[in-house]
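Contents: one structure, followed by commentary.
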Amino acid sequence: MKNSPSLDEQLEMHRKMVVVRRLEERLGELHKAGKTRGPIHRCDGQEAVGIGATAVLGASDFVTSTHRGHAHYIGKGVDIRGVTAEILGRATGTCGGRAGHMLIGDRDKGMIGGNAIVGGSIPAATGMALSIQVRGTADVAMCFFGDGAAQTGICHESMNMAGLWKLPVVFILEHNQFGLTVHHTVQSPVADLSLRAAGYAMPAEIVDGNDTVAMYRAVATAVERARRGEGPTLIEAKTYRMQGFSTSDMGGYQSDADLADWNRRDPIQVSRGALADSVSTERLDQIEAGAVAEVDAAVEEALAAPLPTFELFTRSSPYATAPEAV
Ligand SMILES: Cc1ncc(C[n+]2csc(CCOP(=O)(O)OP(=O)(O)O)c2C)c(N)n1
């Protein structure tokens, strides 16, 4: 079983992390300039979780995401131009400008969708996994959710069912230490939420969520297990949210010491360090500059694109081939 990324895969994960980081930075600026449609949930510092985990998947596997899903979308291969236009509410967006940044779905890419209902991604992926099991394919469903979402009742119900029926689902707990502004120590009596996996008869692994290679390895083992019909796994990715809950967050509750500590473990720098022995600094700089240019072009293109028309808003599905009456 191959559970380590190739050099090409490692470079692609690096490139995608820089794409996501640049997107987050641009969205921060655009929000300040009043050009986004509402606040944005950035994932600066958490990029390695989504990018490392989705790098393991094939095109026909499924992903369900959260309100903080930019790394999941880009990781699963949703086009950056469509994502950017969608976030900016444009007709050229992945969902025609109707979903906004929290709800992007792309059926062709296996991106079932972001989710603004905290915990909503968990039963959605569990249901996808049941569908995969019933249809008898070798696909897997992957679910991203936060430490706040881990405290919901539906998380317990979904994991219990997944463990009982050995569903092909990989649960990725993106433990960024906070639910909204609430630190995890006042949300849960245990620091390591993956302890709970034992109660669902599923294996669990705690992973350095700021290291794409560590994420890839742990997730590859979990995905293979699911494909063999041996059931779900819970991966607890320890990471940290470097920005506020959203671009509207006034901040002040994250300690300077924690921010400095996690900044030293910035996932893009960790990745650069891991690649330094095999790839020249010039090549890495070139890859990063290409990623930045791609995002900047996507932003300019999106800002120049039209807003959706009333006709588009009355269609029943973004996938419908013709407008339908409502
Ligand atoms: C069912 C539900 N309850 C409350 C909210 C409001 N809310 C939005 S995000 C959030 C915190 C989520 O924390 P976590 O799952 O850790 O994700 P993070 O924001 O840290 O990425 C809350 C309470 C919501 N959107 N849905």
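The values are calculated or read from the model by the stated rules, or taken from the named source; none is laboratory data. Owing to the predicted nature of the structure, the values given are computational and were not obtained by experimental measurement. Cβ: placed from backbone, ideal geometry, glycine included. Neighbour counts: every protein chain shown. Only protein heavy atoms, including side chains, enter the accessible area calculation; ligands, DNA and RNA are left aside. Shrake-Rupley method; radii C 1.70, N 1.55, O 1.52, S 1.80 Å.
Listing for the model above:
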| quantity | calculated |
| --- | --- |
| Axial C-alpha extent at least 27 Å, average Kyte-Doolittle at least 0.0 - helices from the chain (DSSP) | 281-304 |
| Cα gyration tensor of region 137-261 - equivalent ellipsoid semi-axes, whole Å, descending | 28, 16, 12 |
| The chain, relative contact order [Cα under 8 Å, separation at least 6], % | 23 |
| Phi to ³J(HN,Hα) by Karplus 6.51 cos²θ - 1.76 cosθ + 1.60 over region 93-110, Hz, x for Gly, Pro | x, 3, 10, x, x, 9, 8, x, 6, 8, 10, 5, x, 9, 4, 4, 9, x |
| Cα-Cα pairs of region 25-80 separated by more than 20 Å (percent) | 30 |
| Computed [θ] at 222 nm, helices only, for the chain once each DSSP H run of length n ≥ 4 contributes -39500 (n - 2.57) | -13000 deg cm²/dmol |
| Accessible area (Å², 1.4 Å probe, nearest 10) - residue 95 | 10 |
| Cα centre as origin, Lys/Arg/Asp/Glu Cβ charges: region 1-115 dipole, Debye | 400 |
| Solvent-accessible area of residue 118 with every protein chain in place, 1.4 Å probe, in Å² to the nearest 10 | 80 |
| Largest-first principal axis extents of the Cα set of the chain (Å) | 52, 51, 40 |
| Part-to-part distance (alpha-carbon centres) for region 9-57 and region 105-119, which is given in Å | 16 |
| Which of 202, 250 is most accessible, then next, and so on - probe 1.4 Å | 250, 202 |
| Solvent accessible area, Å² - residue 156, 1.4 Å probe, full protein context | 100 |
| Heavy-atom accessible area order for 181, 54, largest first, 1.4 Å probe | 181, 54 |
| Percent carbon-and-sulfur accessible area, the chain, ignoring ligands, DNA and RNA, probe 1.4 Å | 55 |
| Heavy-atom accessible area per residue - the chain, 1.4 Å, Å² | 42 |
| Where 7, 164 fall by accessible area, highest first, once all protein chains stay in place (1.4 Å) | 164, 7 |
